[in-house]
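The values are calculated or read from the model by the stated rules, or taken from the named source; none is laboratory data. Being a predicted model, the structure only gives us computed values, none of them experimental. Heads up, the Cβs are rebuilt from the backbone with ideal geometry, glycines too, and the neighbour counts pull from every protein chain shown. Heavy atoms of the whole protein, side chains included, go into the accessibility calculation; ligands, DNA and RNA do not. Shrake-Rupley method; radii C 1.70, N 1.55, O 1.52, S 1.80 Å.
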Amino acid sequence: MLKTALVLSGGAARGIAHLGVLRHLDGETFPVHMILGTSMGAIIGALYAHHGSVAIVEEKIHTFVHSAIFRETLSLAVDENSALPSASSLFDRFAQQLRKSYLYTRLVTRSSLIPEDDYWKLLTGLVPDIRIEDLPTPFGAVTLDILTGDEVVLTSGSLIKALGASASIPGMGPPVRYRGRLLVDGGWIDNVPCLPARRLGAHFVLAVDTSSEVADMHPLPSCALEYALRSSEASRMALNKLRLQHADTVVRPHVSHIRWSDFHLFEQILQAGHEAWVAAASFIKKTYRSYRINPLRRLRAALRARFLPYGLPLVFV
């Protein structure tokens, strides 16, 4: 049997584009035998695996990102005024600088900008309290163990713990202690987990990548910390491109210009996912058919998954 994996990348607000792609997968002829995701991709993928309907998932995500508790929690991690045009007066510019300085102070005096209790309260309103192995569709959430450097793929145990770890942006959300590990957002090690999907037996890997590009990161750094963060992001994005080489087909919504916190652009981002699928659908279907009718392609995929060197520690839990 030809096993298909759907791999959904991280990207925070940009990950809403996954919903635009899932709208089409709901009506397609090829089945999805497993779903792997990182960060926002893990959340949307898990909800889709649980409900089996993109309409339900879309409604839940839309309600969630427009809720008062989400907006309040997000405000703890982002200076919303930084999205505004340049301040028109000296007083406004001074006030903006004070807000930025306040955020920097919190960054160096706390383990996360979002308090742990607030973080779990937020997730509890969205994620069902079930075990991963009870999902109708096999699922894995990718995380990074900051104690060992391992890429940890959670395929069993508490779903809410797994998603909380996979989506905990370092510095923004709290690191998650789970099964003797200290876990954070998997986007820092594997934003598009295609090879883990192969290791779990997938022959055909369809990836949806909502990553950003370095050139689209604005504004330019204005201090030493921002230069360090931008350099770190550039390295992470380069790693992301290497990971994508192991997908059979990739859907790339045009969302790299969207900031990670732009959840208010829900409809625009969702539409980008729809348009990306329409542009890629013909190639995806053609490639999938070739895998289905050619057993040698499936055999090569299986051998590649088994013997291809991964290059980094990979642990399934």
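Roughly how many Å² of Y227 are accessible to a 1.4 Å probe, to the nearest 10?
Around 130 Å² of this residue is reachable by solvent.
Report the net charge of residues surrounding V315, where surrounding means a beta-carbon distance below 15 angstrom and charges are Lys +1, Arg +1, Asp -1, Glu -1.
-1
Arrange the residues S282, S9, S53, S75 by how much accessible surface each exposes, largest first, with a 1.4 angstrom probe.
Ranking S282, S9, S53, S75 by accessible area, largest first, yields S282, S75, S53, S9.
Net charge near A207: determine it from the other residues with C-beta under 14 Å of the C-beta of A207, scoring Lys and Arg +1 and Asp and Glu -1.
+1
Per-residue accessible area for W188 at 1.4 Å probe radius, Å² rounded to 10?
My reading of the accessible area for W188 is about 80 Å².
Could you pull out the pairs from K161/K285; K241/K286; K3/K241; K121/K241 whose alpha carbons sit more than 32 Å apart here?
Long pairs (Cα-Cα over 32 Å): K161/K285; K121/K241.
Please list D26, D117 in order of solvent-accessible area, largest first, computed with a 1.4 Å probe with all protein chains present.
Order by accessible area, largest first: D117, D26.
Mind ranking M172, M1 by accessible surface for me, highest first, 1.4 Å probe?
Reading off the accessible areas and sorting them downward yields M1, M172.
Please report the net charge: other residues with Cβ closer than 14 Å to the Cβ of E58, K and R +1, D and E -1.
Values: positive: R23, K60; negative: D26, E59, E267.
Combined, the nearby Lys, Arg, Asp and Glu give -1.
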